[in-house]
1. Excluding residue 28 itself, what net charge comes from residues whose Cβ is under 11 Å from its Cβ, given Lys and Arg +1 and Asp and Glu -1?
2. Can you tell me the order of 65-77, 49-61 when each peptide is scored by its average per-residue count of other Cβ atoms within 10 angstrom, highest first?
3. Alpha carbon centre of segment 1-29 versus segment 64-131: separation in Å?
4. Pulled fully out, how much extra length does the chain show between residue 76 and residue 99, if you take 0.36 nm times their separation in residues and subtract their Cα-Cα distance?
5. Report, to the nearest 10°, how far helix 105-119 tilts away from the longest principal axis of the Cα atoms in the chain, using its own Cα long axis and a range of 0 to 90°.
6. Per-residue HN-Hα couplings for segment 97-103, Karplus 6.51 cos²θ - 1.76 cosθ + 1.60 at θ = phi - 60°, whole Hz, x for Gly and Pro?
7. Which one, [x] -0.22, -0.91, -1.03, -1.40; [y] -0.22, -0.85, -0.95, -1.26; [z] -0.32, -1.00, -1.07, -1.26, gives log10 I(q)/I(0) by the Debye sum over Cα atoms at q = 0.08, 0.16, 0.17, 0.20 Å⁻¹ as derived from the coordinates shown?
8. At a Förster distance of 41 Å, what's the computed FRET efficiency of residue 23 paired with residue 138, Cβ-Cβ distance as r, to 0.05?
Amino acid sequence: MKCPFCGHNEDKVIDSRSSEEGRSIRRRRECLNCKRRFTTYENIEEASLMVIKKDGRREPFDRKKILAGVQKACEKRPISMQQIEDLADKVEHLLQSKFEKEVDASQIGELLMELLYSLDEIAYVRFASVYRQFKDINQFMKELKGLLHTNK
């Protein structure tokens, strides 16, 4: 494993533990050169799920895109990277168990909004504003009013 800090190719594993209900292994490593520590994850490689985009194109599911979108929505919110990783894990697991080969991008977006809503309402509104591509302030206000009514 290459050290992300100094690029050295030798390290030692300090701690290993199962995560994601046994679907991956988290390893804490220490570089033998610079002595800095870093974490790696080993995941089971499953059959690639194809995402059907709005324009009909198909592309492989990319967990990094989920993480990037959720991180952007959660910027400056009291949400840890672990919570974001857990949410991405949950999305990936639900998609792999529910869909065999293909899934519409819209279904992924709706699932993400549902999970974000329960995690943080501000992150939910941020994500929804990009995902639903609000055309004007009225659409945005309608979403906020719906959010307010469900919390009463």
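1. Once positives and negatives cancel, what remains is +3.
2. So the order, starting with the most tightly packed, is 65-77, 49-61.
3. 25
4. Stretched fully, the residue 76-residue 99 segment lengthens by 5.0 nm.
5. Approximately 80 degrees, to the nearest ten.
6. Values per residue, Gly and Pro as x: 7, 8, 10, 7, 10, 9, 8 Hz.
7. Derived directly from the coordinates: [z].
8. 0.45
Rule-based calculations on the coordinates, nothing more; no lab input. In this text the structure is predicted, and so the values were computed from the model without any measurement. A quick note on method: Cβ atoms are made from the backbone with ideal geometry, for glycine too, and the neighbour counts reach across all protein chains shown.
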